[in-house]
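Structure first, commentary second.
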Amino acid sequence: MNKVHDQESEFDYEQSQKPTVFINPSLFGLGLLLFGIVALFLGVMLSYSYTIFTNPSVNPLQLPIIFLVNTVFLLGTSWFIKQANVAYQDDNTEKYTKSLIYVLISTVLFILAQAVAWFILQRQGIHLVADSPMSSYIYILAILHVIHVLGGLPFLCFFIFVAVKRMKDPVSVFVYFSDPEKHLKLRMLTTYWHFLDVLWIVLIVFLFGMYWLAQVV
C-alpha cells in the first residue's frame, strides 16, 4: 500500500510541476475578433468571385488610382505605431506621444482619402446601389474596412489622452512604462492596426487583380 501511495504522490508532484497554459482573456478576445473579421471579408470576397465567374456578362470594375494612394496613409499608421512601441521600450515619453499622434493623423488622412475615393466613384457613375452588383461589392468592402478602422480610433485616442494628460512627472512615467497591463494593451492595439493594414492590402490586390485578370481572360 505504501508503494502505491508513494507512486500516486510522485505522480501528483510531477503533474504539479508541469507549466500551466494560460491564455489572457483580452488576447483571446482579440483573436476571436480578428477571426470574425477575416471570416466576414472572406465571405464577401468569395461572393464577389462567385458572381464574376458565374455571370460572364458581369465584369469587375476598375478602381481609381487614389485607392493605391490611400494605402500609403494606412502603411504610415503601421510605421508610426511601430515607433510608438520602440519608444515604449525605451521609456521615451515624447517620442511615444508623438508617434501615437502621428498614427491618429495618418488614420484620419486615410479616412478622408477614402471619402474622396468614394466621391470619384460616384462621379464615374459607380454607385452603391446600381445595376451592376460589382459596384455594391466595392462599396461594401471599403465601408466595412473603414468601419473597423473607426472602431479602433477610440482606443487610440485613449492612449494619446493618457500620454498627454497623465505622463507629466517622472513618477507617473515610470509607473506607466513599467505596467505590464499597459504594455499588453499597446501590443493589442498594434496587432489590430497591423491587421487592418494587411487586410486593406489584401483587398486592394484582390480587387485590382480581379480586374486585370478579367482583361487578360
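The values are calculated or read from the model by the stated rules, or taken from the named source; none is laboratory data. Note that the coordinates shown come from a computational prediction; the quantities given were computed from them, not determined experimentally. No Cβ is skipped: glycine too gets one built from the backbone with ideal geometry, and neighbour counts run over all protein chains shown.
Filtered by the rule that a residue be within 18 Å of L27 (Cα to Cα) and either of a type in the set (K, R) or surrounded by fewer than 13 Cβ atoms within 10 Å (Cβ to Cβ) (or both), the stretch 155-199 gives D179, P180, E181, K182, K185, R187. Tallying residues that are surrounded by 18 or more Cβ atoms within 10 Å (Cβ to Cβ) and at pLDDT 90 or above within the stretch 84-101 yields 6. Return yes or no: is V86 in a helix (DSSP H, G or I) and aliphatic (A, V, I, L, M)? Yes: the conditions hold for V86.
Using the structure shown, decide if I81 is more than 24 Å from H183 (Cα to Cα) and in a helix (DSSP H, G or I). No, not satisfied.
Close Cβ contacts (under 8 Å, 6 or more residues apart or on different chains) running from residues in the stretch 184-200 that are touching a residue at least 24 places away in the same chain (Cβ under 8 Å) and farther than 12 Å from K82 by Cβ to residues that are assigned to a helix (DSSP H, G or I) and of a type in the set (G, A, S) comprise L184/S26; K185/S26; M188/S26; Y192/G152; L196/G152. Filtered by the rule that a residue be aliphatic (A, V, I, L, M) and either more than 18 Å from L33 (Cβ to Cβ) or over 16 Å from the mean Cα position of the chain (by Cα) (or both), the stretch 144-179 gives I160, V162, A163, V164, M167, V171, V173, V175.
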